[in-house]
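Note sheet for the following structure.
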Amino acid sequence: MEQRDYILREIEKLGMLLRAIVTRVFGGNANNAVPEEKQDEVTSALMENAGFDLKAFIRMDDALAIKYLQDRRDFNIPNLEDLALILEKLGAAEPKATEPGAADPLASEPLPPLPLNAEPGIADPAVPQPKESRSDYLKKALLILEHCRETDRTYSFERESRIGALKTALEEPDVVI
């Protein structure tokens, strides 16, 4: 009987979780954007099943985000590409239309400064954070795919196509992925 390594089992479990989220949210069609009402479902599923705080990850600066992904041993290249797909679809979701006169109350108020003992690169969770924007998700998806490009020894046409589409979507906000 083959004895599997603990880390390999953890990688496989995370991969199954990410594919299950993709299947459940997209209904088997990964070409659709995640509806805004399902974004919280995706976030909570990642937190409960994988211990991955998506909102904190989005707020991290790029260097800390890459270090965090490298330190987690359950993220291999296919799992990172699945995570990037989830972020792409979260970023592709169109925000609900708001009334023209209604303004976000947090948008006008300045946020208090971070405490001096806060970890650099991530905002203090006690401070109310503005809602992540479409471009925040797309930037993190692009960051992950570019990291995969740099670390993977295999060239992927699909990955390069996704990187190009993300760059276009970030440069031209009207473009739908």
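The values are calculated or read from the model by the stated rules, or taken from the named source; none is laboratory data. Treat the numbers as computed from the prediction; the structure is a model and nothing was measured. Because the Cβ atoms are built from the backbone with ideal geometry, glycine has one as well, and the counts that use them run over all protein chains shown.
The table that follows gives values for the structure above.
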item: Condition check for A84: among the aliphatic types (A, V, I, L, M), surrounded by 13 or more Cβ atoms within 10 Å (Cβ to Cβ) and at pLDDT 60 or above; result: yes
item: Any hit, the stretch 107-118, residues being of a type in the set (D, E, K, R) and either modelled with pLDDT of 90 or more or surrounded by 13 or more Cβ atoms within 10 Å (Cβ to Cβ) (or both); result: no
item: Residue among I177, I122, I144 that is of a type in the set (V, I, T) and at pLDDT 95 or above; result: I144
